[in-house]
Amino acid sequence: MQLPQAGGCICGAVRYTIEQAPLEVYACHCTDCQRITSSAFSIGAVVSEAGFSLAGKPARSVPGGVTAGGRPKHRWTCPDCGTWLFGSPRPGTTHPGMFRAVRGGTFDDTSWLAPTAHYWTRSRQRWIVLPEGSAVFDTQPDR
């Protein structure tokens with residue numbers, strides 16, 4: 001993968017750039033991700049806040065309950081077209097070690113995306129074959 005990588009919503013109102021390689025690229029097979037993406041899983045790229053820049057003003061979606069770990073579920077979307085862009089604390093909020101889970105399909109170039117970890121595999125669609133050598137978690141990993 002070449003850096004920087006850029007991406008954004010369908011309509012172009014919200015754009016982002018990452019300047020650092022993702023810490024991880026994962027596929028989440030939970031039923032919430034299946035429902036919100038209308039697909040079998042979602043792909044996320046975990047990027048450091050230090051290497052992430054944002055142009056435009058995303059809207060925080062209404063929390064959809066809580067994660068298995070007890071955290072509120074917040075999704076940041078384009079207020080115009082509704083594209084789900086990333087998950088994280090409120091834009092403008094930073095702290096050491098903060099990261100964002102950028103939705104893989106929102107990158108302009110997705111050719112480099114290859115999940116090396118799979119979360120919530122206990123609820124994956126049975127026709128999904130997990131790649132050999134991937135980190136596989138029945139639920140959400142503790143890390």
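Values quoted throughout were computed directly from the atomic coordinates according to the rules given, and no laboratory measurement underlies them. As the structure is a computational prediction, the values presented were derived from the model and not from experiment. Every residue, glycine among them, receives a Cβ derived from its backbone with ideal geometry; neighbour counts consider all protein chains shown.
With a Förster radius of 22 Å, plug the Cβ-Cβ distance of residue 24 and residue 81 into 1/(1 + (r/R0)^6) and report the FRET value to the nearest 0.05.
The pair residue 24/residue 81 has a calculated efficiency of 0.20.
For the ranges 107-116, 6-15, what's the packing order if you count other beta-carbon atoms within 10 Å of each residue, average per peptide, and put the highest first?
Numbers: 107-116: 13.9, 6-15: 17.7.
The packing order, highest mean first, is 6-15, 107-116.
Tell me, what is the FRET efficiency for residue 61 and residue 123 to the nearest 0.05, using R0 = 25 angstrom and their Cβ-Cβ distance as r? The calculated FRET efficiency here is 0.75. Across the range 112-121, rounded Karplus estimates of 3J(HN,Hα) from the backbone phi angles (6.51 cos²θ - 1.76 cosθ + 1.60, θ = phi - 60°) give 8, 6, 8, x, 10, 9, 10, 9, 6, 5 Hz, Gly and Pro being marked x. Ordering 101, 123, 111 by the projection of their Cα atoms onto the charge dipole of the range 99-143, which places +1 on the Cβ of Lys and Arg and -1 on the Cβ of Asp and Glu, puts 123 at the extreme positive end.
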